[in-house]
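Structure record follows, encoded as structure tokens.
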Amino acid sequence: MYEEQLKILEGRRNKDKSQERAEEVKERRTKVSRLMKGIDKPERKKFEGYDEPKNSIPIPLNPIGMPEYDGGERFDLKAPYCDEGYVDEDADIMKKLFGGIFKKKE
């Protein structure tokens with residue numbers, strides 16, 4: 001911050017320096033405006049992969065949709081009760097508490 005202030009002060013004292021600084025600012029602004037308008041595309045770095053430490057804990061990926069693990073199909077949809085759900089008849093709490101006294105007579 002202090003160095004930038006010294007550059008500005010020097011530019012005020014020396015007109016040649018201020019002219020150079022104004023040209024630098026103008027070039028920088030045109031470069032940014034071209035990027036913002038989409039005329040120039042920024043250079044992107046290529047992804048080189050993850051750098052894992054030597055003593056790290058490997059975290060497995062989610063295998064859904066990866067053909068090498070499940071053939072590209074969702075294995076959770078092959079379960080017998082995936083559409084309707086499973087109802088446990090023994091899990092009726094009211095029946096256990098009251099012994100079925102509210103059962104409809106047929």
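Laid out as a table, the results:
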{"item": "Residue among Met94, Met66 that is modelled with pLDDT under 75 and of a type outside the set (Gly, Ala, Ser)", "result": "Met66"}
{"item": "Residue check for Tyr50: modelled with pLDDT under 75 and aromatic (Phe, Trp, Tyr)", "result": "yes"}
{"item": "Filtered residue count, the stretch 1-51, keeping only those that are in contact with a helix residue (DSSP H, G or I) (Cβ under 8 Å, 6 or more places away or on another chain) and on the phi > 0 side of the Ramachandran plot", "result": "0"}
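The values are calculated or read from the model by the stated rules, or taken from the named source; none is laboratory data. The structure displayed is predicted, hence computed values, not measured ones. Neighbour counts run over all protein chains shown; Cβ positions are idealised from the backbone, glycine included.
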